[in-house]
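S.K.: Here you go, one structure.
The values are calculated or read from the model by the stated rules, or taken from the named source; none is laboratory data. Since we're looking at a predicted model, the values are computed, not measured. Cβ placement follows ideal geometry from the backbone for every residue including glycine, while neighbour counts extend to all protein chains displayed.
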Amino acid sequence: MVSVVSMVSARIPPERAPEVIARFSVAVRAGMPERRHTSLLRREDDEWRIVTFWRSREDLDAYLASVDEPFAKQLLREAGGTPEVKVFEVMLDSSAKFWP
């Protein structure tokens, strides 16, 4: 099984930052069994990004099939952004048990 990373990004008005942080915190505390890790990032130009490591592409696909709109995309859209989604295969990361 190959892990994948989803990256959802959008520019968010600065006054919406507390809302984004609060909603992300609540979601993470609620649990994410199909995900390995997720982070909320912000650049100085008010671009926000949610980076999520999924256990497998199958887990990501199952999650997408189970919701009307993925949480990360919905969160950034409802905060005034126009989300852009990218998905990458994880080729190697620091938790790998071996290195080529």
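S.K.: Only one of these conditions is not met by residue 17: (1) out of contact with any helix residue (DSSP H, G or I) (no Cβ under 8 Å at 6 or more places or on another chain); (2) buried (at least 16 other Cβ atoms within 10 Å of the Cβ). Which number is it?
M.R.: (2)
S.K.: Another question about this same structure. Could you grab me the full set of residues in segment 61-70 that are touching a Lys or Arg at 6+ places or on another chain (Cβ under 9 Å) and closer than 16 Å to residue 36 by Cα?
M.R.: Within segment 61-70, the subset touching a Lys or Arg at 6+ places or on another chain (Cβ under 9 Å) is 63, 69.
If the condition is that a residue be touching a Lys or Arg at 6+ places or on another chain (Cβ under 9 Å) and closer than 16 Å to residue 36 by Cα, then 63 is the only one that fits.
S.K.: Quick one: how many residues across segment 23-32 are in contact (Cβ under 8 Å) with a residue 40 or more places away in the chain and either within 17 Å of residue 59 (Cα to Cα) or of a type in the set (Gly, Ala, Ser) (or both)?
M.R.: The first filter runs over segment 23-32 and keeps only residues in contact (Cβ under 8 Å) with a residue 40 or more places away in the chain, leaving 23-24, 27.
Next, only the ones that are either within 17 Å of residue 59 (Cα to Cα) or of a type in the set (Gly, Ala, Ser) (or both) stay: 27.
Final tally of qualifying residues: 1.
S.K.: Taking segment 66-92 only, how many residues are modelled with pLDDT of 95 or more and over 14 Å from the mean Cα position of the chain (by Cα)?
M.R.: The number of residues fulfilling the criteria is 6.
S.K.: Taking the criterion of being part of a loop (DSSP other than H, G, I, E, B), of a type in the set (Asp, Glu) and farther than 14 Å from residue 6 by Cβ, would at least one residue in segment 66-74 satisfy it?
M.R.: To start, the set of residues in segment 66-74 that are part of a loop (DSSP other than H, G, I, E, B) comprises 67-70.
After this cut, where a residue has to be of a type in the set (Asp, Glu) as well, the list is 68-69.
Narrowing the set further to residues that are farther than 14 Å from residue 6 by Cβ leaves 68.
Scanning segment 66-74 turns up at least one residue that is part of a loop (DSSP other than H, G, I, E, B), of a type in the set (Asp, Glu) and farther than 14 Å from residue 6 by Cβ.
S.K.: Still on this structure, please answer the following. With of a type in the set (D, E, K, R), over 13 Å from the mean Cα position of the chain (by Cα) and modelled with pLDDT of 90 or more as the only criterion, which of 43, 49 stands out?
M.R.: Working: 49 fails: over 13 Å from the mean Cα position of the chain (by Cα).
Answer to the check: 43.
Here is a yes/no grid of residues against (1) assigned to a helix (DSSP H, G or I); (2) crowded, with 18+ Cβ neighbours inside 10 Å:
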site	(1), (2)
22	yes, no
29	yes, no
60	yes, yes
81	no, yes
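S.K.: Just the residues that are aliphatic (A, V, I, L, M) and surrounded by 14 or more Cβ atoms within 10 Å (Cβ to Cβ), please, taken from segment 65-75. Outline the logic, then answer.
M.R.: Residues of segment 65-75 that are aliphatic (A, V, I, L, M), as a first pass: 65, 67, 72, 75.
Selection gives 72, 75.
S.K.: Follow-up. Working only within segment 33-58, note down all residues that are part of a loop (DSSP other than H, G, I, E, B) and either buried (at least 16 other Cβ atoms within 10 Å of the Cβ) or touching a residue at least 12 places away in the same chain (Cβ under 8 Å) (or both).
M.R.: Residues of segment 33-58 part of a loop (DSSP other than H, G, I, E, B): 33-34, 43-46, 55-56.
Of everything in segment 33-58, those that are part of a loop (DSSP other than H, G, I, E, B) and either buried (at least 16 other Cβ atoms within 10 Å of the Cβ) or touching a residue at least 12 places away in the same chain (Cβ under 8 Å) (or both) turn out to be 34, 45, 46, 55, 56.
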